[in-house]
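The structure under discussion appears below in the form of structure tokens.
A short reminder: the numbers here are calculations on the coordinates, not readings from a lab. Everything numeric here is computed off the predicted structure, so don't read it as measured data. All Cβ positions, glycine included, derive from the backbone under ideal geometry; neighbour counts span all protein chains shown.
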Amino acid sequence: MDNRRQAAMLAAALMVAGARLLLHPGGIGTGKLRVLIVEETAQRGQLPPDQAAVFTAKAIRDYAGTHCVEGGFLTLDKDADLSKLPAAWKPLAANPKSLPWMAIEVNGRIHAGPLPGTVEKTLALLQRYGGA
């Protein structure tokens with residue numbers, strides 16, 4: 001099975017699971033971000049409301065749209081088949097220590113840690129690595 005077919009199958013499976021998958025082969029060395037959030041989608045309702053808002057915040061989507069590589073913002077369930085992710089995403093998906101977990105890659109450097117507790121703190125962290 002070729003890579004495009006695998007990516008399409010993964011995207012379809014993730015959309016059924018309520019995740020967003022936007023793929024682009026570029027990114028490393030562009031100065032733009034690649035962001036991955038790994039969560040337990042079944043437990044999103046149990047997150048503090050301020051943290052759960054990160055997943056739907058317009059400010060986060062708008063920032064990602066201008067500061068991430070095309071298709072460079074991805075949210076996955078912890079049970080998603082990460083082995084089918086394109087190679088550029090695999091380092092970001094490696095071993096989340098807690099959930100929800102956020103990994104940010106820019107120019108080959110990765111910051112990974114717990115998802116901040118508010119939209120404002122998440123946006124500040126993204127701006128720290130991707131600029132204002």
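Here are a few things to note about the model shown:
- Applying a threshold of 21 Å to the alpha-carbon distances of 32/121; 97/121; 90/121 flags 90/121 as lying beyond it.
- Among 122, 75, sorting on how many other beta-carbon atoms sit within 10 Å of each Cβ, with the fewest leading, yields 75, 122.
- Seen from residue 38, the other residues with C-beta closer than 11 Å to its C-beta sum to a net charge of -2, counting Lys and Arg as +1 and Asp and Glu as -1.
- Centre-to-centre, using Cα atoms only, the stretch 99-131 and the stretch 35-65 are separated by 12 Å.
- Neighbour-count ranking [beta-carbon atoms within 10 angstrom, fewest first] of 63, 129: 129, 63
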